[in-house]
Amino acid sequence: MEVIEEAIMLDIIPDTERMTALVGKSLYEIWNKLCALIDEKYDMDRLWAKGGRAWTYEYKYRRGGKTLCALYARENCVGFLVILGKNERLKFEKERDNYSKEVQRIYDETQTYHDGKWIMFEPNDTSMFDDFIRLLSLKRKPNRKKEDQ
């Protein structure tokens, strides 16, 4: 049975001007720094889509039909979503002391569903970026080597 992608693809990808108007200059800088960090570690397909009810835009990192993470944008807010399945949650629990108190708190407050924990962060600085990369490595080892850049 074929899986139908629910995301509604965008006709027009938002440019710098549109994103800055939506989230603000400082948050757009955070967005760009996070994208650059993910791009530095991972060679992934990147897909723009509508953000559903809660968000204006979704920017998803995928490879081989599996989503690594997604960034979201709406007025004066950016989001970073990572979904941890059962095995990834077990890995996190073993290593939780290696994460900041803020990441631990957000993890603990996130509801667990049958398909995993959908952890949404709303970064307004770069302080959790190391933790974000650590969370992504629970899902998939970085696949970009230094010489690829």
Listed by chain and number, the residues whose amide H is under 5 Å from that of ASP43, excluding neighbours fewer than 5 places away on the same chain and using placed H, are ASN143, ARG144
Taking a straight Cα-to-Cα line shorter than 16 Å from LYS86, and setting aside same-chain lysines fewer than 8 residues away, one finds LYS66, LYS94, LYS117, LYS139
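Given the Cα-Cα distance of ASP11 and ASN76 and 0.36 nm per residue of separation, how much length would full extension add, in nm?
Numbers: separation 65, 0.36 × 65 = 23.40 nm, distance 2.26 nm.
Result for the pair: 21.1 nm of gain on full extension.
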Diffing region 75-89: the Karplus 3J(HN,Hα) column from phi (6.51, -1.76, 1.60, θ = phi - 60°), in whole Hz with x for Gly and Pro, holds 4, 6, 7, 10, x, 10, 10, 10, 9, 9, x, 4, 5, 5, 5
Along region 39-50, Karplus-curve 3J(HN,Hα) (6.51, -1.76, 1.60; θ = phi - 60°) to the nearest Hz, with x for Gly and Pro, reads 4, 5, 9, 10, 9, 9, 6, 10, 10, 8, 8, 5
Relative contact order of the chain (C-alpha contacts under 8 Å, at least 6 apart) in percent is 23 percent
Comparing GLU88, GLU40, GLU109 in a Gaussian network model of the chain (Cα, 10 Å), the one with the largest mean-square fluctuation is GLU109
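No lab work stands behind these numbers, since they all come straight from the coordinates. All values reported here derive from a predicted model rather than from experimental measurement.
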